[in-house]
Amino acid sequence: MQNFSKVFSAAVEGVQSNLIEVETDINVGLHSFNIVGLADKSLSEAKERVSSALKNSGVKPPSKENRKIVVNLAPADVKKTGSQYDLAIAIGYLLATKQIKDFDAKNKIFAGELALDGGLRGVSGVLNISRMAKDKGFEEVFVPAVNAAEAAIVGDMRVFGFNNLNDLILHLEGRKIIESQPKTEIKPSISSDHQMIDLSDIKGQENAKRALMITAAGGHNLLMQGSPGTGKTMLAQALVSILPPPTLKEIIEITQIYSAAGLLNGNSFINWRPFRTPHQTASPPAIIGGGQNPRPGEISLAHRGVLFLDELPEFRRDILEALRQPIESGKVFISRAKNNLVFPAKFILVAAMNPCPCGYYGDAEKECRCSAFEVFRYQKKISGPLLDRIVLQIDVPRVKLDELQNKNRDTKSAEEMRKKIIEAREIQRERLKEFKILTNSEMNSKMCDEMIKLDKEADNFLKDIFEKSLISARGYYRVLKTARTIADLENSKDLNVSHLAEAFQYRLKEKE
């Protein structure tokens, strides 16, 4: 007598989820239990987890069957990794052996890791699986209880969370109905860190604060250059305090990346903008993404947030050059022999660097001990094409003693700045909604030509600086986009000469 069943699970590859059919066939023959379909080591070991979990849940396990058991994960040419198939394999086995009442499995997806005692452990990528299930018309998703809130972020789906296999069996048989997880309500947050640095707490550096406001309002990239101890790192960390909270769409995008990478750390979602600070010794796959089992890199983990590269020239040259394409496209493409993966990577790049190896070239108070060649070689570690992609480039000078000791400073709070930035972003969102983008930094050259109108005076000014400074075509459009953001901060419909002049000054000039 031959018994067969088919249930559905999902594979998470990169940040995308693919439907997997779990077919179970039980036939006469000597006892064997085989999982086929290009399974990796952790999945091959599922046989032991499933057998023990079934035994400890009070049903007859495969080890007690004197029959040939074959589990096929289709499509067979896609490599399967991870432990999320355990639950689907167990349910498929129970259906094939008639140890559970037959039910309609066509509209259900199962994902979860089994413990030896029959408990269910959380897995990565559940939100990705839930979104895929909704897109493909599935109605119900069965996951471990710890993942239920994450899966329920997707609306119009019935999500069921279970602590153990026995409860799931009883539910499927109708003997103990479990209520579906209510839709997860998400409230955006500014930051996960309650010790967040408030931009208004930083003394002095008014020019740098203004550049940070423009960066936050338009999503532009920023490079800060200055001597050690001038506050570059603190300024970068304070950027988070004035960024607007993410929208629901952005929260789902960020959560999908962190869920696929297994970095939710007990949270059901990430409702704040990420701030990533990789070390200079990090490898290319760690920064860009990839690896043997491709995972999102730091630039994807900074999606819709900030990627801060401190001591920029100390990073490997190949890593810095690899940033050029993601900065332009907002995506990173990981190419492999069998398939290509795309990771989202729309981040604000904030970089900090010293002007020379000793750090004091051009400092008004401390003498630089580097030779001209050493300064030249150090600054040339940052290539021209990469610098051309960084719109705002500023010097961060030393703070005067009287500014440090001044306790009666009249400065705007981070909340006031953030309110102004939110208003500027709302103006951009309304203007750019037909292009389905959110900020000025995402505009391409065609959009700039359509959306940015100049009067005669502004046009003449732009022609003049373009001819005298020899900026590239990319630099031309970046100046335009920055000027448009400055105008949005002032709630100005028209772009005038003052906006262009301020935008153009945010480019580092070579020190004499």
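Applying a DSSP loop filter and a limit of 11 other Cβ atoms within 10 Å to the chymotrypsin sites (Phe, Trp or Tyr not before Pro) in the stretch 200-299 leaves nothing. Rounded, prolate or oblate for the stretch 364-512? Axes are the square roots of the Cα gyration tensor eigenvalues, ordered a ≥ b ≥ c, and the cut-off for rounded is a/c under 1.5. Oblate, since a/c reaches 1.5 and b/c is not below a/b.
Taking a ≥ b ≥ c as the square roots of the Cα gyration tensor eigenvalues, with a/c under 1.5 meaning rounded and otherwise prolate when a/b beats b/c, else oblate, which class fits the stretch 172-320? Spell out each step's value before the answer.
On the way: a/c = 3.01, a/b = 1.59, b/c = 1.89.
Judged from the Cα gyration tensor, the stretch 172-320 comes out oblate (a/c at least 1.5, b/c at or above a/b).
Between the amide H of Asn164 and those of Leu120, distances stay under 5 Å, these residues lying 5 or more places away or on another chain, with hydrogens modeled in the peptide plane.
Which of the peptides 185-191, 77-83 is most tightly packed, and how do the rest follow, going by the mean number of other Cβ atoms within 10 Å of each residue?
Values: 185-191: 13.6, 77-83: 16.7.
The most tightly packed comes first, giving 77-83, 185-191.
Here the label points at Asp77 and Asp25, each 7 Å from Cα along the C-beta direction, are separated by 2.0 nm in the simple model. Which is farthest toward the positive dipole end of the chain among Asn207, Leu87, Leu239, measuring Cα position about the Cα centre, with Cβ charges +1 (Lys, Arg) and -1 (Asp, Glu)? Value computed over the given set: Leu87.
Greater than 30 Å separation of Cα atoms is the criterion. Which listed pairs, Lys331/Lys481; Lys346/Lys453; Lys209/Lys380; Lys412/Lys468; Lys60/Lys108; Lys436/Lys493, meet it?
Details: Lys331/Lys481 20 Å; Lys346/Lys453 26 Å; Lys209/Lys380 27 Å; Lys412/Lys468 37 Å; Lys60/Lys108 24 Å; Lys436/Lys493 20 Å.
Among Lys331/Lys481; Lys346/Lys453; Lys209/Lys380; Lys412/Lys468; Lys60/Lys108; Lys436/Lys493, the Cα-Cα distance tops 30 Å for Lys412/Lys468.
Each part gets one Cα centre, and for the stretch 223-283 versus the stretch 360-392 those centres are 27 Å apart.
Solvent-accessible surface (1.4 Å probe) assigned to Met234 amounts to roughly 90 Å². Ligands, DNA and RNA are left out, and with a 1.4 angstrom probe the accessible area of the chain is 47 Å² per residue.
A simple rule links phi to the HN-Hα coupling: the Karplus curve 6.51 cos²θ - 1.76 cosθ + 1.60 with θ = phi - 60°, which for the stretch 152-161 gives 7, 5, 6, x, 6, 9, 8, 10, 10, x Hz, with x for Gly and Pro.
The modelled label-to-label distance for the pair Asn267/Lys106, using points 7 Å beyond Cα in the direction of Cβ, is 4.0 nm. The long axis of helix 414-432 is offset from the longest Cα principal axis of the chain by roughly 80 degrees. By a 1.4 Å probe calculation restricted to protein chains, Lys108 has an accessible surface near 20 Å², given to the nearest 10.
Assign one of three labels to the chain, namely rounded, prolate or oblate, based on the Cα gyration tensor with a ≥ b ≥ c the square roots of its eigenvalues; rounded applies when a/c is under 1.5, prolate when it is not and a/b is larger than b/c, and oblate otherwise. Judged from the Cα gyration tensor, the chain comes out prolate (a/c at least 1.5, a/b above b/c). Computed with every protein chain present, the accessible area of Arg49 is close to 40 Å² [probe 1.4 Å].
To the nearest 20 debye, what charge dipole does the stretch 150-217 have about its Cα centre, counting +1 at the Cβ of each Lys and Arg and -1 at the Cβ of each Asp and Glu? Could you put the intermediate results ahead of the total?
Numbers: 8 positive and 10 negative charges, 23 e Å.
Here the size comes out at about 100 debye.
Here Lys366 and Ala282 are evaluated by their C-beta separation; at R0 = 35 Å the FRET efficiency comes out at 0.70.
Within 10 Å, count the other beta carbons around each residue, average over each peptide in 95-101, 171-177, 146-152, and list them highest first.
Numbers: 95-101: 17.1, 171-177: 13.0, 146-152: 24.3.
Sorting 95-101, 171-177, 146-152 by mean packing, highest first, produces 146-152, 95-101, 171-177.
Positive end of the dipole of the chain (Cβ unit charges, origin at the Cα centre): among Leu401, Phe103, Ala302, the Cα lying farthest that way belongs to Phe103.
When you count the other C-beta atoms within 10 angstrom of each residue and take the mean per peptide, 466-478, 197-209 line up highest first as 197-209, 466-478.
Spacing of the modelled spin labels on Asn18 and Arg377, each 7 Å from Cα toward Cβ, amounts to 4.8 nm. Considering only beta bridges that DSSP places wholly inside the chain, some 50 percent are antiparallel. Per-residue Karplus couplings for the stretch 74-85, computed as 6.51 cos²θ - 1.76 cosθ + 1.60 with θ equal to phi - 60°, are listed in order as 10, x, 6, 8, 9, 5, 9, 10, x, 10, 6, 7 Hz, Gly and Pro entered as x. Place +1 on the Cβ of every Lys and Arg and -1 on the Cβ of every Asp and Glu in the stretch 127-216, take the dipole about the Cα centre, and give the residue among Ala145, Pro188, Ser130 whose Cα lies farthest towards its positive end. Comparing the listed Cα positions along the dipole, Pro188 ranks first. Taking a Cβ cut-off of under 11 Å around Ala74, the surrounding Lys, Arg, Asp and Glu residues balance to a net charge of -1, with basic ones at +1 and acidic ones at -1. Here's how it looks for Tyr361: its modeled amide H is under 5 Å from those of Cys356, which are all 5 or more places away or on a different chain. Helix 126-135 and the longest principal axis of the C-alpha atoms of the chain enclose an angle of approximately 80°. Annotation for the stretch 123-157 versus the stretch 54-115: alpha-carbon center distance of 19 Å.
With respect to the chain, whose longest principal axis is taken over its alpha-carbon atoms, helix 86-96 is tilted by about 30°.
Quick one: pull the percent of accessible area on the stretch 379-512 belonging to carbon and sulfur, 1.4 Å probe, ligands and nucleic acids left out. Provide the component values of the computation, followed by the final result.
Values: 3890 of 7960 Å².
For the stretch 379-512, the apolar C and S fraction of the accessible surface comes to 49 percent.
Backbone geometry of the stretch 215-221 corresponds, through the Karplus equation with coefficients 6.51, -1.76 and 1.60 at θ = phi - 60°, to 3J(HN,Hα) couplings of 4, 5, 6, x, x, 7, 8 Hz, x marking Gly and Pro. Annotation: amide H-H contacts under 5 Å for Leu309 (H modelled 1.01 Å from N, sequence separation of 5 or more, or interchain): Val350, Ala351, Ala352.
The values are calculated or read from the model by the stated rules, or taken from the named source; none is laboratory data. Owing to the predicted nature of the structure, the values given are computational and were not obtained by experimental measurement. Backbone-built Cβ (ideal geometry, glycine too); neighbour counts: all protein chains shown. Only protein heavy atoms, including side chains, enter the accessible area calculation; ligands, DNA and RNA are left aside. Shrake-Rupley method; radii C 1.70, N 1.55, O 1.52, S 1.80 Å.
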